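For reference, the structure discussed in these notes is given below.
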Amino acid sequence: MKKTIMTFGLFGLTILLGGCATVQPWERDVTARQSMQLNKNANFTSAHEHIYFSKEASAGGRSFDGGGCGCN
Amino acid sequence: MTFFLPVMAGPKGFIKPMHKKRKPVSHLFMAMNSPCDIQVDGDDVHLARELGALAEAEAHRIEAKYSRYQENSQLSQVNRSNGTPVEVDTEMMALLTYANSCYELSDGLFDITSGVLRRIWRFDGSDKLPAEAEIEALMPLIGWDKVTLGKNVVTLKPGMEIDFGGLGKEYAVDRVLMLLAEKTDSPILVNFGGDLRVSGPRRDGSPWRIAIESVEPDDPSAATLGIKSGAITTSGDARRFLLKGGVRYSHILNPRTGRPVIGAPRSITVAARTCMEAGIISTLAMAKGPDAERFLRDEEMAAWVLR
Amino acid sequence: MQLSKKNKGRVGATLCLITANLFTVTGLHAQDITDSTNNPSAQDSAESLNVYDQPASTPGTTTIDSAVLFYKEDGGRIQAIEPMVSLTHNTENDSVFSAKLTFDSLTGATPNGAAPWKSSQIFTSPTRQANGDDENEGSTGASGGTIVIDPITGQRTLEYTADAFMLPLDSGFVDQRTALDLGFTTPLTSGTKLSLGLNGSHERDYNSFSGRASIAQDFNNKTTTLSLGVNYEHDVSKPFFGTPTPFSVMSGDQKGPSQNKNVLSLIAGVTQVMTRNWLLQFNYSYGSVTGYQTDPYKILSVVDPTTGAPQTYLYESRPEKRTRHAFYAGSKLALGSYVTDLSARYYHDSWGINSITANMSEHIPIGDLMYIEPGVRYYHQSAADFFTYYLPSNVALPLYASADSRLDSFNAITLSLSGGYMINDQIELYAMVDAYRQSKAGQKDTLPGNNQDLKLYAGTNALSMMTGVKVKF
């Protein structure tokens, strides 16, 4: 039941966001920049996730919540 | 002298592209009395050819509809109406409404009914100015406020004419670019006789290099502009003017006086998001004469002004 | 570069609107821009001023990215050196192959879970064998470990001592980890991307294997991307002395066989391009962990209910099932060449832990070739339901209990500074430094009796540094 609501939530959001999409295909120059990438420096990201996974109880959100190590 | 408005200066010696530059595939044709060039930055020559054909068809469609030189154009029907209301389609209506907004926005400096002045003003570099009486005779035929716009109906006063000269080519460039960008993700450049727009940076992220004669005619090394997005248009033509008694009359006419704008720059190149916006802004800046630079600065436009 | 721009001129702003309207009416692109902030400004139309404004994707290139992470906790706790190297190949047709090798070397001390006491305490080292060749592998003189031989059985046990009033730390902690990750991403059809990956990690006492698959689909002129992913992980815990029975008494005896843990993770996300320079991302991740999740090295003090004196030490016990939910929202907004990155996460799991995380950083261009990015992160978590600092001897044992500080309630602040510098069109140098500080959140518990001066909270502060180089050819 919870999952169903979640799925609806996501699609609802998509439709909502799609409705206000004002960016045309030829206007993606800014979002294509290196500085705008969601994972700009993969090693920074993995170092942070690794450290926080080994020191804190939470996991996931930005990516999968597996840890891949015996550090927690 | 060249007046250079700031912030467009790109750093020199910027990171070079990763690979040898692959040349975009170019498709050339003539439309609207201008050489037209469609460049597709991709390896698919077949697709580029297809897009070129599509662009050519759209340019000719727009020309056939809005040219005042073609007798069968929708515009010619309007211009021949002699005071009777003419029904026009949605696109034409949208363009007329647009022209109306530009007229209001510019306090009458942008007026698509001013084309009749070209009958008496011939900018051939000579000193032949029209007679005062000739100008006065034409003035009743000029003025957008004399045009009535209804729902899909336009009514001109007898003898009046509409000229899409300041809009049509820019509209065509924007239309064609949007049309092609829907068909491909490859970067595209649409250039109709110097009025141009790009879909985004080149494949390798570099800007499109565009030679613009009027930007820096004395310095060939500075004669190219880099453009990564948006549009560029140029108003003014260094070769079209009249010279009498030491006064240089530019080919930009003020619709309110029926006379050329005095003190206008030789040319103005404007960068904006769309070709239409760039075109209107550069035309308006021209019409401001000596105040062109101030107008552009107030509008915070990227522009090159050549005096 | 002008950052704060005045409102554009009257004419330009109005033109932008009527032009958008024109193209709407004439049927092409019903959704043309009506947002005047997207009006091109000089810096958008002109060449970008900083290298990091270049597009990220570079088809037909291969990148070698290598870096070293140094990690050091205060007070002689864990130190780690983690070199990593990755190879990424972007093909001409937008496929990406990647491989990453990480090596992790840890030394130092880690809290063993026991509560501090007013006199010294002796513990059995669980982390290594005290006999034969392994002797010099982990134990060092500094750790103060002593080999104790049982006169009857002849069994050798390594013991270590925690000083009076000090948080008991197992100081002989040594581990090495090698991990390999393989990834492959390919476009399936226009607007659909499939990603597959494998990950293996090996430690002397722990192995982890996982496989993942995800699919991303673009909508709305590629301004919306929906993604769904699944990851399955299988872990094997094989401590040197075996896995202890929950709540058994600490000893140097050989214990149970290796134990397994399986993690099924699902993630669903949407990335939305809001305007030309604004990106939003929303994710939901779900994790179901089953199997052995107890830390085989962690113990709990059983204390006298009136004096607080330790009576014995028991191995901890955790549930075999844990369900995680995390909601993540991120935003990236570009203003000129600056980018503001904001993100937030809410996390809840079936062990009763709730956490919030907030992150903010600012990408600041420096000259043409460099950027720096200061950032701050705030984290707060509540304690697990079964978290406790000790077990009173007069109370029956609960089903589960752990004194692991990672399950305690705490706040953590990270201040970070990172940056990158493009030496030329192929080589980027980058570095990062993070200061991480944990502090107890909520009520500070104490041992029974007059023991307010004994600090039970075992959180840590750490400094990490990373430096790396990325070469593209």
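Could you work out the equivalent-ellipsoid semi-axes for region C:387-436, taking the square root of 5 times each eigenvalue of the Cα gyration tensor, largest first, in whole Å?
Equivalent ellipsoid semi-axes, largest first: 48, 11, 6 Å.
In region C:405-473, if every C-alpha pair distance is counted and binned at 5 Å from zero, what percent goes to each bin?
4, 13, 16, 13, 11, 10, 8, 7, 6, 5, 3, 2, 1, 0
How many nm separate the modelled label positions at residue B:122 and residue B:153, each set 7 Å beyond the Cα in the direction of the Cβ?
Label-label distance for residue B:122 and residue B:153, simple model: 4.0 nm.
Got a sec? How would B:276, C:465 order by Cβ neighbour count within 10 Å, fewest to most? Write down the numbers at each step before the final one.
Numbers: B:276 31, C:465 14.
Listing B:276, C:465 from fewest to most nearby Cβ atoms yields C:465, B:276.
Please compute the length gained on full extension between residue C:331 and residue C:350, using 0.36 nm multiplied by the number of residues separating them and subtracting their Cα-Cα distance.
Values: separation 19, 0.36 × 19 = 6.84 nm, distance 2.84 nm.
Full extension of this stretch gives 4.0 nm more.
What are the equivalent ellipsoid semi-axes of region C:264-413, built from the alpha-carbon gyration tensor (square roots of five times its eigenvalues), in whole angstrom, biggest first?
That gives 43, 19, 11 Å for the three semi-axes.
How high is the FRET efficiency from residue C:164 to residue C:234, r the C-beta distance, R0 45 Å, rounded to 0.05?
0.55
Round to a whole angstrom and tell me the spacing of the C-alpha centers of region C:252-295 and region B:90-118.
61 Å
Once you place label points 7 Å from the Cα toward the Cβ at residue C:453 and residue C:358, how far apart are they in nm?
The modelled label-to-label distance comes out at 3.9 nm.
With θ taken as phi - 60° and the coefficients 6.51, -1.76 and 1.60, list the Karplus ³J(HN,Hα) couplings across region B:75-84 in order, rounded to whole Hz; mark glycine and proline as x.
In residue order, the calculated couplings are 5, 4, 4, 5, 5, 8, 5, 6, x, 8 Hz.
Can you give the angle from 0 to 90° between the axis of helix B:45-66 and the longest principal axis of chain B, with both taken from C-alpha atoms, to the nearest 10?
10 degrees
At 0.36 nm per residue, and after removing the present C-alpha to C-alpha distance, how many nm does the segment from residue C:99 to residue C:14 gain when stretched out fully?
Working: separation 85, 0.36 × 85 = 30.60 nm, distance 5.15 nm.
This chain segment gains 25.4 nm when fully extended.
Subtract the Cα-Cα distance of residue C:423 and residue C:445 from 0.36 nm times their separation in residues, and report this length gain in nm to one decimal.
Taking 0.36 nm per residue and subtracting the Cα distance, the gain is 2.6 nm.
What is the angle, in °, between the Cα long axis of helix B:275-287 and the longest principal axis of the Cα atoms in chain B? Nearest 10 is fine, range 0 to 90.
50 degrees
How much of the pair distance distribution for region C:330-415 lies past 14 Å, counting alpha-carbon pairs only, in percent?
Considering region C:330-415, 72 percent of its Cα-Cα pairs are separated by more than 14 Å.
Taking K and R as +1 and D and E as -1, what net charge do the other residues with C-beta under 13 Å from the C-beta of residue B:134 add up to?
Residues near residue B:134 contribute +3 overall.
By how many degrees, between 0 and 90 and to the nearest 10, does the Cα long axis of helix C:10-25 differ from the longest principal axis of chain C?
90 degrees
In this model, which of C:118/C:444; C:100/C:332; B:228/B:288; A:55/C:255; A:40/C:72; B:65/B:151 are farther than 22 Å apart at the alpha-carbon?
Those over the limit are C:100/C:332; B:228/B:288; A:55/C:255; A:40/C:72.
Need one number: nm distance between label points at residue C:64 and residue B:64, each 7 Å from Cα along Cα→Cβ, rounded to one decimal.
Going by the 7 Å Cα→Cβ label model, 6.0 nm.
D for chain B, whole µm²/s, Stokes-Einstein with Kirkwood Rh over alpha-carbon pairs at 25 °C and 0.890 mPa s: what number?
119 µm²/s
How large is ³J(HN,Hα), in whole Hz, for each residue of region C:72-84 in order, when computed from phi with the Karplus curve 6.51 cos²θ - 1.76 cosθ + 1.60 and θ = phi - 60°, using x for Gly and Pro?
Computed from phi, the couplings for region C:72-84 are 9, 9, 5, x, x, 7, 4, 10, 9, 10, 10, x, 8 Hz.
Let me check against my output: what whole-number percent is the relative contact order of chain B, with C-alpha pairs under 8 Å and at least 6 apart?
20 percent
Give me Rg over Rh for chain C, both radii from the alpha carbons and Rh done the Kirkwood way, two decimal places.
Radius of gyration over Kirkwood radius for chain C works out to 1.04.
Just rank C:301, C:285, A:54, fewest to most, by other beta-carbon atoms within 10 angstrom.
On the way: C:301 28, C:285 25, A:54 18.
Lowest count first: A:54, C:285, C:301.
Through the Karplus equation 6.51 cos²θ - 1.76 cosθ + 1.60, θ set to phi - 60°, convert the phi angles of region C:385-392 into ³J(HN,Hα) values in whole Hz; use x for Gly and Pro.
The phi angles translate into 4, 9, 6, 8, 7, 6, 10, x Hz.
So what are region C:179-274's ellipsoid semi-axes, whole angstrom, largest first, if each one is the square root of 5 times an eigenvalue of the alpha-carbon gyration tensor?
Details: eigenvalues 348, 38, 14 Å².
Square roots of five times the eigenvalues give 42, 14, 8 Å.
R0 = 22 Å: FRET efficiency of residue C:311 with residue C:248, Cβ-based, nearest 0.05?
Given R0 = 22 Å and the Cβ-Cβ separation, E is 0.90.
Can you tell me which aspartates and glutamates have their Cα less than 12 Å from the Cα of residue C:472? Leave out same-chain residues fewer than eight positions away.
Once the sequence-local aspartates and glutamates are set aside, what remains near residue C:472 is C:65, C:425, C:428.
With a Förster radius of 41 Å, plug the Cβ-Cβ distance of residue C:178 and residue C:155 into 1/(1 + (r/R0)^6) and report the FRET value to the nearest 0.05. Please list the in-between numbers first.
Numbers: r = 32 Å, r/R0 = 0.77.
After rounding to 0.05, the efficiency reads 0.85.
Treat the count of other C-beta atoms within 10 Å as a stand-in for reagent exposure and order C:233, B:161, B:71, B:182 from fewest to most.
B:71, B:182, B:161, C:233
No lab work stands behind these numbers, since they all come straight from the coordinates. A quick note: this is a predicted structure, and the numbers were derived from the prediction, not measured. All Cβ positions, even for glycine, are placed from backbone atoms using ideal geometry, and neighbour counts span all protein chains on display.
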